[in-house]
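Presented below is the structure to which this report refers.
The values are calculated or read from the model by the stated rules, or taken from the named source; none is laboratory data. None of these values were measured; they are calculated from a predicted model. Cβ atoms come from the backbone with ideal geometry, glycine included; neighbour counts cover every protein chain shown. To get the accessible areas, we keep the full protein, side chains included, count just its heavy atoms, and leave off ligands, DNA and RNA. Shrake-Rupley method; radii C 1.70, N 1.55, O 1.52, S 1.80 Å.
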Amino acid sequence: MQLELSPTDAEFRDRMREFFTTKVPQQIRDTVLEGRHLTKDQIIEAQRTLNAEGLAVPHWPTEWGGQDWTDLQRHLWHEEMQRAGVPIPLAFNASMIGPVIAHFGTQEQKERFLPATANLDIWWSQGFSEPDAGSDLASLRTAAVRDGDDWVVNGQKTWTTLGQHGDWIFTLVRTDPEVKKQAGISMLLIDMTSPGVEVRPIELIDGGHEVNEVWFSDVRVPGDLLVGELNGGWTIAKFLLGNERVGVAPVGATKRALSALKANAGDLLDDPLVRARIAELENDLLALELTALRVVAHSSDGAPHPASSVLKLRGTELQQAVSELALDLAGPASLAARADDDSPQAGWARRAAPTYLNLRKASIYGGSNEIQRQIISRTILGL
Amino acid sequence: MDFTYDDEQQALREAVRGLLATTYADHEARRRTVADDPGFDEALWGRLADMGVLGLPFSEDDGGVGAGPVEIGVVCQELGRVLAPEPYLASVVHAGGLVAAVGTPEQKADLLGRLSSGEIVLAAADTSPGARWSSGTDGVRASVSGDAWTLDGVADPVVGGARADHLVVTAALPDGGTGVFLVAGDDVDRTGYVAADLTRAATVRLDGTAATPLGEPGRDLAPSIATISDLTRIMGANQALGVMQSQVRATTDYLKSRKQFGVTLNTFQALTFRAADMYVSLELAQSMVDWATMTIAGGDPGAVADAADRVGLTISRAGRHIGQEAIQLHGGIGMTAEYAVGVGTAHLEVLDQWLGNRGHHLARLASRVDDHDLVDALS
Ligand SMILES: Cc1cc2nc3c(=O)[nH]c(=O)nc-3n(C[C@H](O)[C@H](O)[C@H](O)COP(=O)(O)OP(=O)(O)OC[C@H]3O[C@@H](n4cnc5c(N)ncnc54)[C@H](O)[C@@H]3O)c2cc1C
């Protein structure tokens, strides 16, 4: 048992901190630090800056731009990025489809997609959920039918985050309706400019346009865009959704949000109830951060540490709790959510209600918190 | 950075677990032990001494083993697992810790050597009736005439105080500050009683009682006293962690075996989800306990005080959560004295109200929220 980082890891962390705070454009970092929305171009610029330095996809295989880091180093990389207000590389590219193609893809697919994916030359969307397939993802119905060498896709995906920016979408489609539901699913990569693909916006409760419906009508997809085995999509989906040990909980970003809240609180910090809520949240975040460290510092054989589900569950709860406190501190000023920029109310207070509302999503997507409890009770407790 | 126990620490855990199992193989054995005074098993205490466990915190010069906080934490966790009523926290960690922190070399060699060998049992008297954690020692006052010191006042609760051969008493000094004194157990008027978890505490009345100052007479020892309280708080959290580990295990086992409506209880998601939440609390508590324990090794009293408040807050909340749910998910049997789960909940409360509860630690942390920008696990 030892608390200190090794000299190598401490030096590594300093190097990350130095890069993130000096090389990523200040105006992008300020946007993140102040909780404002990034533009598509800002997200792309940030990822390219990281990628030029080999810092966008460190967890990929080294031949495709990965770094041979330990889990702890990846954790430090991830934390320092959040602390500095550097946008995390687009998850659909860096954490989802990239590792999938690197693991399951053909050599041709790797060459065609991986460099462009790392550099965000291609913006990927995730086409998994459907109106009737949420937590029970395997009940999805979007169908792909063989036609010569091609697939013809019909159906609807939904909740597609930032699909309005998407160049390509990785989808789970039903390729065999006759077998057990998990056994008839495949993964197809679809060019979103193909005829028959239509993206329709969904407005969320914060007023933002973050998610979309994606409709497929007789969309023709060349056969070489199937990833992995035919009807092997469920294995890929499990790999994609379950292989993460690092960055499961947004610890750094939540700590940053809490510290910003303290800075914004002003006289409200004199209120003992406010102080107690802050102190409790700081403590809870410390426990979460320590648990994240325990998870990454343990084995590195790739198997998810059982406490990963704890991180997702608790991480989202705390992220939400900080946004609740921010909204309570904003008080009446929060009504000015959609007021013009010349509003006399502070920016953070005007953003408090939309942020609070938006973050309700955190316990729904990526395996809802109920699904995390299910995983804990079944796989950890054996119930 | 490393959150794993090394081979020697694992071996220590196995050895302590094995030894405790010889006495507390089941909860019935604990019930028998706590039914009679002194409320713990003197023979087991002797075997813990033989194994070197009682001397773990003390230097070899003082007759101890010179182990670190992680080892002491391992012992406390194991004691907690079986709800062992032995006064390890009170006698070794707290009272022994005070002697080690403030005693002269001669005092340390004498007292700690005999404590480590099991020859004497100590208890710390640092709380007066109605007082709360670290609120001062107004209940007991020290007087000096020539170089003869006497103490007056009442200390209560004194955990393990009825059985102790010597009491380590904190008292207000005539010229201000707080001193630490050694008093022979037989020289005081003491009334033992049974706490909610069936462990023992006592009311200790001092009335012109002759006392030996530990360390330099008349010197204010408040900072050392506070640090030992913090350290005891952290070790108490280790013990509570052991209790909660057992409760979570017992609860999951019970859900798998207990049948109602023709099926085992784990068929009901309303229950399995609550068990999952208990596990979440347990994991987070474990992280904090490991961290706080490692913080002691750093040797910075300010950091140890902070760690004690942080782990105290976490463990208090986890104890309420896990302790209550463990009973609820067991139904009626959780309420019975013959079943360990509910007694564990009593033990968690005794630890908490003795060493510092949620409100106490939260108030202290809340008073400090503006001296930092954010709290980092890694410095
Ligand atoms: C903002 C946002 C962005 C998203 N982005 C994407 C994206 O880019 N791509 C994509 O494919 N999907 C995306 N999703 C979809 C997301 O993965 C699903 O919302 C999620 O899987 C839950 O499915 P559902 O919404 O259909 O809820 P349901 O599965 O219908 O669940 C409803 C409620 O029931 C609970 N529940 C469900 N099953 C169980 C069970 N077995 N036991 C106990 N409780 C249960 C759930 O936890 C929830 O509380 C996004 C969702 C949101 C909100």
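Answer yes or no as to whether B:A275 is facing chain A (nearest Cβ under 9 Å) and open to solvent by less than 20 Å² (accessible area, probe 1.4 Å).
Yes.
Could you identify the single residue in A:L140, A:L120, A:L162 that is of a type outside the set (S, T, Y) and in contact with a helix residue (DSSP H, G or I) (Cβ under 7 Å, 6 or more places away or on another chain)?
The unique qualifying residue is A:L120.
Tell me, which helices (runs of 4 or more DSSP H) wholly within the stretch B:1-82 include 1 or more residues that are away from chain A (no Cβ under 14 Å), of a type outside the set (K, R) and surrounded by fewer than 20 Cβ atoms within 10 Å (Cβ to Cβ)?
B:7-23, B:27-35, B:42-50
For (1) in a helix (DSSP H, G or I); (2) closer than 23 Å to A:A257 by Cα; (3) of a type in the set (K, R), each residue gets a yes or a no:
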| site | (1), (2), (3) |
| --- | --- |
| A:L5 | no, no, no |
| A:M16 | yes, yes, no |
| A:T21 | yes, yes, no |
| A:R29 | yes, yes, yes |
| A:G35 | no, yes, no |
| A:L38 | no, yes, no |
| A:I43 | yes, yes, no |
| A:R48 | yes, no, yes |
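Among the residues of the stretch B:248-265, which ones are of a type outside the set (G, A, S) and open to solvent by less than 40 Å² (accessible area, probe 1.4 Å)? Let's see the steps before the verdict.
Let us first name the residues in the stretch B:248-265 that are of a type outside the set (G, A, S), namely B:248-249, B:251-256, B:258-261, B:263-265.
B:V248, B:T251, B:T252, B:Y254, B:L255, B:T264, B:L265 - these are the residues of the stretch B:248-265 that are of a type outside the set (G, A, S) and open to solvent by less than 40 Å² (accessible area, probe 1.4 Å).
Could you check the stretch A:131-156 and list, in sequence order, the residues that are crowded, with 21+ Cβ neighbours inside 10 Å and either within 14 Å of chain B (Cβ to nearest Cβ) or more than 10 Å from the ligand (Cβ to nearest atom) (or both)?
Of everything in the stretch A:131-156, those that are crowded, with 21+ Cβ neighbours inside 10 Å and either within 14 Å of chain B (Cβ to nearest Cβ) or more than 10 Å from the ligand (Cβ to nearest atom) (or both) turn out to be A:T142, A:A144, A:W151, A:V153.
I'm trying to understand the selection: among the residues of the stretch B:226-256, which are over 22 Å from B:T272 (Cβ atoms) and among the basic types (K, R)?
B:R233 - this is the single residue of the stretch B:226-256 that is over 22 Å from B:T272 (Cβ atoms) and among the basic types (K, R).
For the stretch A:330-354, which positions are within 16 Å of the ligand (Cβ to nearest atom) and open to solvent by 60 Å² or more (accessible area, probe 1.4 Å)?
none
Based on what the data block shows, is A:D191 in contact with a Pro (Cβ under 7 Å, 6 or more places away or on another chain), open to solvent by 10 Å² or more (accessible area, probe 1.4 Å) and away from the ligand (no atom under 15 Å from the Cβ)?
No, not satisfied.
So which of A:W159, A:W168 is touching a strand residue (DSSP E or B) at 6+ places or on another chain (Cβ under 6 Å), closer than 29 Å to A:R29 by Cβ, within 12 Å of the ligand (Cβ to nearest atom) and not assigned by TED's automatic domain parsing to the domain that holds A:R15?
Step by step, each of A:W159, A:W168 is checked, and only A:W159 is touching a strand residue (DSSP E or B) at 6+ places or on another chain (Cβ under 6 Å), closer than 29 Å to A:R29 by Cβ, within 12 Å of the ligand (Cβ to nearest atom) and not assigned by TED's automatic domain parsing to the domain that holds A:R15.
With respect to A:T254, determine if the residue is of a type in the set (V, I, T) and surrounded by fewer than 23 Cβ atoms within 10 Å (Cβ to Cβ). Walk me through it before giving the result.
On the way: of a type in the set (V, I, T): yes; surrounded by fewer than 23 Cβ atoms within 10 Å (Cβ to Cβ): no.
So A:T254 fails the test.
Kindly establish whether B:E349 is facing chain A (nearest Cβ under 10 Å) and not aromatic (F, W, Y). Break it down into steps so the answer makes sense when it comes.
Working: facing chain A (nearest Cβ under 10 Å): no; not aromatic (F, W, Y): yes.
It is false that B:E349 is facing chain A (nearest Cβ under 10 Å) and not aromatic (F, W, Y).
Any residue at all in the stretch A:100-122 that's within 15 Å of the ligand (Cβ to nearest atom), open to solvent by 50 Å² or more (accessible area, probe 1.4 Å) and away from every other protein chain (no Cβ under 14 Å)?
Taking every residue of the stretch A:100-122 in turn, none turns out to be within 15 Å of the ligand (Cβ to nearest atom), open to solvent by 50 Å² or more (accessible area, probe 1.4 Å) and away from every other protein chain (no Cβ under 14 Å).
Among the listed residues A:A56, A:A94, identify the single one that is within 16 Å of the ligand (Cβ to nearest atom) and open to solvent by less than 40 Å² (accessible area, probe 1.4 Å).
Exactly one of A:A56, A:A94 is within 16 Å of the ligand (Cβ to nearest atom) and open to solvent by less than 40 Å² (accessible area, probe 1.4 Å), namely A:A94.
Please verify whether B:S367 is touching a His at 6+ places or on another chain (Cβ under 6 Å) and not aliphatic (A, V, I, L, M), treating the condition exactly as stated. If you could, list the steps in order and put the result at the bottom.
On the way: touching a His at 6+ places or on another chain (Cβ under 6 Å): no; not aliphatic (A, V, I, L, M): yes.
Judged against the criteria, B:S367 is not a match.
Within the stretch B:255-269, is there a residue that is in the same structural domain as B:A340 (by TED's automatic domain parsing), among the aromatic types (F, W, Y) and touching a residue at least 12 places away in the same chain (Cβ under 8 Å)? Even if it seems obvious, please write down each step before you answer.
Let us first name the residues in the stretch B:255-269 that are in the same structural domain as B:A340 (by TED's automatic domain parsing), namely B:255-269.
Now restrict to residues that are among the aromatic types (F, W, Y): B:261, B:268.
Restricting the remaining residues to those that are touching a residue at least 12 places away in the same chain (Cβ under 8 Å) gives none.
No, the stretch B:255-269 has no match at all.
Looking only at residues in the stretch A:355-383 that are under 30 Å from B:A250 (Cβ atoms) and without any contact (Cβ under 8 Å) to a residue 24 or more places away in the chain, which one is nearest to the ligand (Cβ to nearest atom)?
A:Q374
A:A84 is checked against (1) within 14 Å of another protein chain (Cβ to nearest Cβ); (2) at positive phi; (3) small (G, A, S) and fails just one. What number does that condition carry?
All conditions are met except number (2).
Look through B:A90, B:A67, B:A101 and report the one residue that is more than 15 Å from the chain's Cα centre (by Cα) and farther than 21 Å from B:Q9 by Cα. Lay out the reasoning, then the answer.
Numbers: B:A90 fails: more than 15 Å from the chain's Cα centre (by Cα); B:A67 fails: farther than 21 Å from B:Q9 by Cα.
Only one candidate passes the filter, namely B:A101.
In this structure, does A:V274 turn out to be within 14 Å of chain B (Cβ to nearest Cβ) and outside any helix (DSSP H, G or I)? It would help to see each step written out before you state the result.
Working: within 14 Å of chain B (Cβ to nearest Cβ): yes; outside any helix (DSSP H, G or I): no.
So A:V274 fails the test.
Given (1) within 22 Å of the chain's Cα centre (by Cα); (2) farther than 19 Å from B:R233 by Cβ; (3) open to solvent by 50 Å² or more (accessible area, probe 1.4 Å); (4) not aromatic (F, W, Y), identify the lone condition not met by B:E349.
Tallying (1) within 22 Å of the chain's Cα centre (by Cα); (2) farther than 19 Å from B:R233 by Cβ; (3) open to solvent by 50 Å² or more (accessible area, probe 1.4 Å); (4) not aromatic (F, W, Y), B:E349 fails exactly one: (2).
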